[in-house]
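Colleague: Here you go, one structure.
The values are calculated or read from the model by the stated rules, or taken from the named source; none is laboratory data. Since the model is a prediction, treat every value here as computed from it, not as a measurement. Cβ atoms come from the backbone with ideal geometry, glycine included; neighbour counts cover every protein chain shown. Please note that ligands, DNA and RNA were not included when accessible areas were found on the heavy atoms of the full protein model with its side chains. Shrake-Rupley method; radii C 1.70, N 1.55, O 1.52, S 1.80 Å.
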Amino acid sequence: MKKKTVRQYVLNLVLSAMFLALGIVLPFFTGQIPQVGGMLLPMHLPVLLCGLICGWQYGGVVGFVLPLMRSAMFGMPPFLTAVAMAFELAAYGLGAGLLYRLLPHRIAGVYGALVGAMLIGRVSFGIAMFLLLGGSYTWEAFVSGAFVTALPGIILHLLLIPPIVLALQKAGKL
């Protein structure tokens, strides 16, 4: 593994701040309608990109902070959901960064890291919601929210993120 320079650390810090800002702003495009946000998952996109581009440490921190910060600033997502999302998005950033680091940097590796991170994040969200809400958070609610309702967002991520990562690879920026 090559040693990182101070310039690379600063670049990752600046990019992470940009991804955090994107995560705060993107949900406004869903019109603050929770149902649309739950379908398109606008906060997930910058966290996954942060993990893939900056690394697992940055992706994990941005993922954990983003929903809590957004909840404190705007009241959306609601606090309990934001806590569960903090664990989910932290798992996204961590998982994407770690898996991308381990897998070959080709199209299959990018998709593998992305899908793996999405699964790890969904399970983390389910566990967090179960711990926060107890028996009132059922298996049906988990499957419905994590996979059925979120399917448009999952497809959006699978369509948008790999071309961005591959373009950055081709440009020699990743």
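Colleague: Mind listing whichever residues of segment 104-142 are touching a Leu at 6+ places or on another chain (Cβ under 7 Å), open to solvent by 20 Å² or more (accessible area, probe 1.4 Å), among the aliphatic types (A, V, I, L, M) and within 19 Å of LEU52 (Cα to Cα)?
Modeller: If the condition is that a residue be touching a Leu at 6+ places or on another chain (Cβ under 7 Å), open to solvent by 20 Å² or more (accessible area, probe 1.4 Å), among the aliphatic types (A, V, I, L, M) and within 19 Å of LEU52 (Cα to Cα), then ILE107 is the only one that fits.
Colleague: Looking at segment 152-171, which of the residues that are assigned to a helix (DSSP H, G or I) and without any contact (Cβ under 8 Å) to a residue 60 or more places away in the chain is surrounded by the most Cβ atoms within 10 Å (Cβ to Cβ)?
Modeller: The selected residue is PRO162.
Colleague: Report every pair of residues separated by at least 6 positions or lying on different chains whose Cβ atoms are under 8 Å apart, first residue within segment 1-21 and of a type outside the set (Lys, Arg), second not in a helix (DSSP H, G or I).
Modeller: Listed pairs, sorted by first residue: ASN12/GLY55.
Colleague: Take the conditions free of Cβ contacts under 8 Å to residues at least 24 places away in the same chain, hydrophobic (A, V, I, L, M, F, W, C) and open to solvent by 20 Å² or more (accessible area, probe 1.4 Å) and apply them to LEU94. Does it pass?
Modeller: no
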